[in-house]
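K.L.:
If you scroll down you'll find the structure; I have some questions about it.
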Amino acid sequence: MKTDQARRRLLAGLGATLGLAAAGLPLGGSASRARVVVVGGGFGGAAAARALRQFAPDLEVVLVEPSAVFRTCPFSNLYLGGLRSFGSLGHHYGYLQRRHGVRVVRSSARAVDPERRQVRLVDGTRLGYDRLILSPGIDMRWDALEGYDQTAAERLPHAWKAGPQTRLLRRQLQAMDDDGLFLMVIPDNPYRCPPGPYERAAMVAHYCRRHKPRAKVLLLDAKDAFSKQALFEQGWREVYGERIEWVGFSGDGEVVRVDANQRIVETAFGNRHQADVINVIPPQQAGYIARQAGVTDRSGWAPVKAGTFESRLVPDVYVIGDAAVAAPMPKSAFCAHSQAGVTAAAVLASLAGREPPEPAWLNTCFSLIDSDYAISISGQYRLRDGEIQEVSGGVSPLQASQEFRRREAEHARDWYAAMSHAIWGA
Amino acid sequence: MGWTLHRLAMLLAFLLLPAAVVTAEKPAWQQLDAARDWLGGEEPASGGLRIELPLVSEEGMSVPLEIRGGELGNSEAPIREIRVYALGNPDPDVLGLRLDPALGRADFSTRIRLDESQTVLVLARDASGRFLAAEQPVRVANSGCLARSDEPVDAPMGAPRVAVPDPFPGAGEPGEVRTLILHPMETGFREGPDGKPVARRIIEDFSAELDGETVLSARFHAAVSANPYLAFRLAPRADGELRLHWRDETGEEREAYREVRVGSGE
Ligand SMILES: Cc1cc2nc3c(=O)[nH]c(=O)nc-3n(C[C@H](O)[C@H](O)[C@H](O)COP(=O)(O)OP(=O)(O)OC[C@H]3O[C@@H](n4cnc5c(N)ncnc54)[C@H](O)[C@@H]3O)c2cc1C
């Protein structure tokens, strides 16, 4: 029953974007000839570009994105587990151009000049903007964990941006000995996708159950608690027995040093662990262009005005998705998409010289434990006293039937299909 | 005309600025009786003591706090005592530290509980009796996504963990000592599943002795996170032995010993 509600909420959430934007319409006179540049064609950016064009068909919307194919992090854990092909994670921009008339520029933004309201691309092209939306996702902090730099990541993949890193991790898992140890290093908050590492653990265990029956999965975590913890721990035990072991901060789980050559990690209290495959998820920060544009603070993330996601530091620049400080909203694809709708409406209102509409955001994160076993968490967010607050929410019940878990797994697949269809048309 | 309007706006902003400064909130130490009592009428200086906290915390149960109080050895007036307060907690006391110059530096890391968005204040008193202050507001945006289960932990005090540099970098050069002990640090402010308050039980005292001399003693309050973590510096002049000792409110105690070896300083 509850999942049906969740599903209704979910679909309502995808549609809510449209309802909100109506408040920003219609754009009159010069505003309709304005140009909005969007940097980053991921969940936040591509959704924002689409929403802008849907609500204001005369608006010029330019989307800057270097890749021809966008690979989703959502479901990349399923690829690791063998439940999905790598190809199924890829989405193209043709639909956004043809169907929605978004101008897609295949390049990277190198710099933002807020004075002149220009974005400079790596090839030197300058794009003027009336409003700019940045949704560049994350960058790894290569200086945050001793021994873990870009070279080390070629041996100890992070696979926290979907692409070659994800395939590398999959190959390493496949090449692992039958009784191998798969070790994951997990950072403290905030980071992209709070439940992601724990879903990955389940998917790796899923793969091992069939192909590496004696392998173990060890999670070394810099935190003492994590998202949906009770549900994950129960699911891991029910489905995979003792295969997955989690060690939190107080159990000496914080890794302070890695040795990529020897595949050894060292914890805060001096324990050393050697493993056959090591997946290091390092501390993160907003994508480069956000830092270059001056919208980030010393935390490495971009503080934004809660109602619109306009930068608190640079006017007329909006930051959405993982790069923004949207707490208590987690850094999820669902949130990035929800923020895209609200911010598109706010940008249109600003161009038309109107007050932004009252915002509301939504999140649901599904995590797969097994092919027919998923758990979820949802939250609804509104503006209260000038800050984003969680007004309602819930997680899957701890006591639930197999049928219930199976239906949630189905909803997870529905969500992925609905979301990627809404954004990339496939 | 746009230009004039802009000018006017600038002018207004300028005129309003001093007023804004005057009405700015009082420094944190003025807002807290406990802090004013300790200061005894003194006004703390604002340099010489730095703190690091996240600007936004998604999980108020465990917020990393770093205190940087500078050198102790070569300073004329080294810091002797530090107190940490969380102005918006039901009990604003967080942590008290008494330092011996043998630590080498007044640098600490710990994890604290913040009930809600609030200002954290750290006060220090140096050997000349002068006070220093540092404060920072932290926005606590507890995310349902990260909420912990409310199960009371009835685990007793667990085994301590200690990491010391081996060897220390050189005679009189500070190295970081990390300590952690498993303990629920029940605040007494929280309800169990039966709706009754869970009885308070916290570790109160912690100390570090180098060859029998106390170099650090700490007073923990309920706002020190469960499984108290405290990292400090130690600058031993010669090889020796470090004893660490924890005692909780029920009188239960734990101790740990570590050999201290001093490197050649190369
Ligand atoms: C393993 C894993 C599993 C996950 N599972 C889920 C899930 O099930 N559900 C969920 O909701 N979320 C999930 N997430 C989180 C989700 O992937 C992110 O929250 C989401 O991608 C954030 O969207 P974004 O737009 O901020 O960034 P991204 O989606 O990363 O998009 C950023 C885009 O910007 C582009 N870009 C960066 N810099 C520039 C530049 N200078 N110029 C031009 N383009 C640039 C990049 O090429 C990229 O395409 C998962 C994450 C991981 C790692």
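K.L.:
Apply the a/c threshold of 1.5 to the C-alpha gyration tensor of chain A and tell me whether it is rounded, prolate or oblate.
P.N.:
On the way: a/c = 1.91, a/b = 1.52, b/c = 1.26.
Prolate shape, in that a/c is at least 1.5 and a/b is the bigger ratio.
K.L.:
Another question, if that's okay. Rounded, prolate or oblate, given the Cα gyration tensor of the stretch A:142-280, with a/c below 1.5 counting as rounded?
P.N.:
Rounded, because the longest to shortest axis ratio a/c is under 1.5.
K.L.:
Just tell me how shielded B:57-64 is by partners: mean number of partner chain Cβ atoms within 10 Å of each residue's Cβ, no decimals.
P.N.:
4
K.L.:
Something else now. Considering the dipole of the protein assembly as shown built from charges on the beta carbon (Lys and Arg +1, Asp and Glu -1) around the Cα centre, which of A:ALA152, A:ALA286, A:LEU83 is farthest to its positive end?
P.N.:
A:LEU83
K.L.:
Just to confirm a number: summing +1 for Lys and Arg and -1 for Asp and Glu over residues other than A:SER88 whose beta-carbon lies under 13 angstrom from that of A:SER88, what do you get? Working shown, then result.
P.N.:
Values: positive: A:ARG71, A:ARG84, A:ARG413; negative: none.
Every neighbour counted, the sum reads +3.
K.L.:
To the nearest whole number, what is the average tally of beta carbon atoms from other chains within 10 Å of the beta carbons of peptide A:321-329?
P.N.:
Mean partner shielding for this stretch: 4.
K.L.:
For chain B, give the magnitude of the charge dipole about the Cα centre (Cβ charges: +1 Lys/Arg, -1 Asp/Glu; no others), in debye to the nearest 20.
P.N.:
In debye, rounded to 20, chain B gives about 760.
K.L.:
What is the spin-label model distance, in nm, from A:ASP179 to A:ALA111 if the labels are put 7 Å beyond Cα along the C-beta direction?
P.N.:
With each label placed 7 Å out from Cα toward Cβ, I get 5.9 nm.
K.L.:
How many Cβ atoms of partner chains, on average, are near each residue of A:223-230 if near means within 10 Å of its Cβ?
P.N.:
Shielding by partners across A:223-230 averages 5.
K.L.:
Which angle between 0 and 90 degrees, to the nearest 10, do you get for helix B:2-22 versus the longest principal axis of chain B when only C-alpha atoms count?
P.N.:
50
K.L.:
What does the charge count around B:GLU81 come to, taking other residues whose C-beta lies under 10 Å from its C-beta (Lys +1, Arg +1, Asp -1, Glu -1)?
P.N.:
+3
K.L.:
Also, I was wondering about something else. Using mean Cβ contacts within 10 Å as the protection proxy, how do A:126-134, B:32-40, A:412-420, A:350-358 order, highest first? Let's see the in-between values first.
P.N.:
On the way: A:126-134: 21.9, B:32-40: 14.6, A:412-420: 18.4, A:350-358: 16.6.
By packing density, highest mean first, the sequence is A:126-134, A:412-420, A:350-358, B:32-40.
K.L.:
For chain B, max minus min Cα coordinate along each principal axis, in Å, sorted largest first?
P.N.:
76, 55, 36
K.L.:
For a 27 Å ceiling on Cα separation, which of these pairs sit above it: B:LYS26/B:LYS196; A:LYS223/B:LYS26; A:LYS331/B:LYS26; A:LYS228/A:LYS305; A:LYS223/A:LYS305; A:LYS161/A:LYS212?
P.N.:
Values: B:LYS26/B:LYS196 38 Å; A:LYS223/B:LYS26 35 Å; A:LYS331/B:LYS26 35 Å; A:LYS228/A:LYS305 29 Å; A:LYS223/A:LYS305 29 Å; A:LYS161/A:LYS212 25 Å.
Pairs exceeding the cut-off: B:LYS26/B:LYS196; A:LYS223/B:LYS26; A:LYS331/B:LYS26; A:LYS228/A:LYS305; A:LYS223/A:LYS305.
K.L.:
As a test of the formula, what do you get for chain B when each DSSP H run with n ≥ 4 contributes -39,500 (n - 2.57) and the sum is divided by the residue count, at 222 nm and rounded to the nearest 500 deg cm²/dmol?
P.N.:
Numbers: 2 runs with 28 residues, N = 266.
So the helix-based figure for chain B works out to -3500 deg cm²/dmol.
K.L.:
Go ahead and estimate [θ] at 222 nm for chain A from helices alone: -39,500 (n - 2.57) per DSSP H run with n ≥ 4, summed, over the residue count, rounded to 500.
P.N.:
Taken over chain A, the calculation gives -10000 deg cm²/dmol.
K.L.:
Here is a further query. Using a 1.4 angstrom probe on the protein heavy atoms only, line up A:ASP113, A:ASP385 by accessible area, largest first.
P.N.:
Details: A:ASP113 45, A:ASP385 150 Å².
So, going from the largest accessible area down, we get A:ASP385, A:ASP113.
K.L.:
Hey, in the GNM for chain A with a 10 angstrom Cα cutoff, which one of A:VAL62, A:VAL38, A:VAL319 fluctuates hardest?
P.N.:
A:VAL62
K.L.:
Check every DSSP H run in chain A and write down those whose alpha carbon atoms cover 24 angstrom or more along the long axis and whose mean Kyte-Doolittle hydropathy is -0.5 or greater.
P.N.:
A:2-22, A:333-351
K.L.:
What does DSSP give for the protein assembly as shown in terms of the percent of beta bridges that are antiparallel, rounded to the nearest 5?
P.N.:
Roughly 75 percent of the DSSP beta bridges within the protein assembly as shown come out antiparallel.
K.L.:
Taking the alpha-carbon centroid of each part, what is the distance from the stretch B:84-136 to the stretch A:271-339 in angstrom?
P.N.:
Taking the Cα centre of the stretch A:271-339 as reference, the centre of the stretch B:84-136 is 29 Å away.
K.L.:
To the nearest 20 Debye, how big is the dipole of the stretch A:142-280 about its Cα centre, given +1 on the beta carbon of each Lys and Arg and -1 on that of each Asp and Glu? Show your work: numbers first, answer last.
P.N.:
Numbers: 19 positive and 20 negative charges, 142 e Å.
So the magnitude is around 680 debye.
The values are calculated or read from the model by the stated rules, or taken from the named source; none is laboratory data. All figures in this text were calculated on a predicted structure; none of them were measured in a lab. Note: ideal-geometry Cβ built from the backbone for every residue, glycine included; neighbour counts use all protein chains shown. Accessible surface areas use protein heavy atoms only, side chains included; no ligands, DNA or RNA. Shrake-Rupley method; radii C 1.70, N 1.55, O 1.52, S 1.80 Å.
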